[in-house]
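**Student:** Before anything else, here's the structure in question.
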Amino acid sequence: TRVIQASVPLLRPLSTSSYYEILNGKKHDRQAMDAARAAVAGRGDGRVSKADAVDILANLLDGSVTQQASGNTITEVEYRTAFRILHDYKFTEEARDLFIEKLAEA
């Protein structure tokens, strides 16, 4: 049996990752959900810390959370994701306060 090598590189399948993650039939921001999962995965006491909350918010709000609101509006999907994260994950008191404060400013 003779093997013929193709001179054209094989194409890899396109990534099936979407910007959105569907939970209970509704769209959520995948990057923010991933950041929340990473925040509690295998370290510490399983709560979202203040630093973790900043990371989640940066993913959720598509930018820095240390700057004042610049007139950008938060979308329905971003709000839904934020409330899902607040509901599904344990936060330290400082992290929860910061998370809610920054969402209110958005």
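The values are calculated or read from the model by the stated rules, or taken from the named source; none is laboratory data. On a predicted model such as this, the values are computed, not experimentally measured, just so you know. Cβ coordinates were reconstructed from backbone atoms using ideal geometry, including for glycine residues, and neighbour counts include every protein chain displayed. Heads up: the accessible areas ignore ligands, DNA and RNA and are worked out on the full protein's heavy atoms, side chains in. Shrake-Rupley method; radii C 1.70, N 1.55, O 1.52, S 1.80 Å.
**Student:** Could you please tell me which pairs satisfy a Cβ distance under 7 Å, a separation of 6+ or placement on different chains, a first residue in region 89-102 that is more than 14 Å from Asp45 (Cβ to Cβ), and a second residue that is part of a helix (DSSP H, G or I) and open to solvent by 90 Å² or more (accessible area, probe 1.4 Å)?
**Tutor:** Once the first residue is more than 14 Å from Asp45 (Cβ to Cβ) and sits in region 89-102, its partners that are part of a helix (DSSP H, G or I) and open to solvent by 90 Å² or more (accessible area, probe 1.4 Å) give Leu98/Lys50.
**Student:** Suppose we filter Glu94, Glu78, Glu21, Glu101 for residues that are at pLDDT 90 or above and part of a strand (DSSP E or B); which single one remains?
**Tutor:** Checking each option against the conditions leaves just Glu21.
**Student:** Identify, please: which residue in region 70-88 is open to solvent by less than 30 Å² (accessible area, probe 1.4 Å) and in contact (Cβ under 8 Å) with a residue 24 or more places away in the chain and is, among those, farthest from Asn24 (Cα to Cα)? Working first, answer last.
**Tutor:** Pass one, region 70-88, residues open to solvent by less than 30 Å² (accessible area, probe 1.4 Å): 74, 77-78, 81-82, 85-86.
Now narrow it down to the ones that are in contact (Cβ under 8 Å) with a residue 24 or more places away in the chain: 74, 77-78, 81-82, 85.
On the way: Ile74: 21, Val77: 13, Glu78: 16, Thr81: 12, Ala82: 15, Ile85: 14 Å.
So, considering only residues that are open to solvent by less than 30 Å² (accessible area, probe 1.4 Å) and in contact (Cβ under 8 Å) with a residue 24 or more places away in the chain, the one farthest from Asn24 (Cα to Cα) is Ile74.
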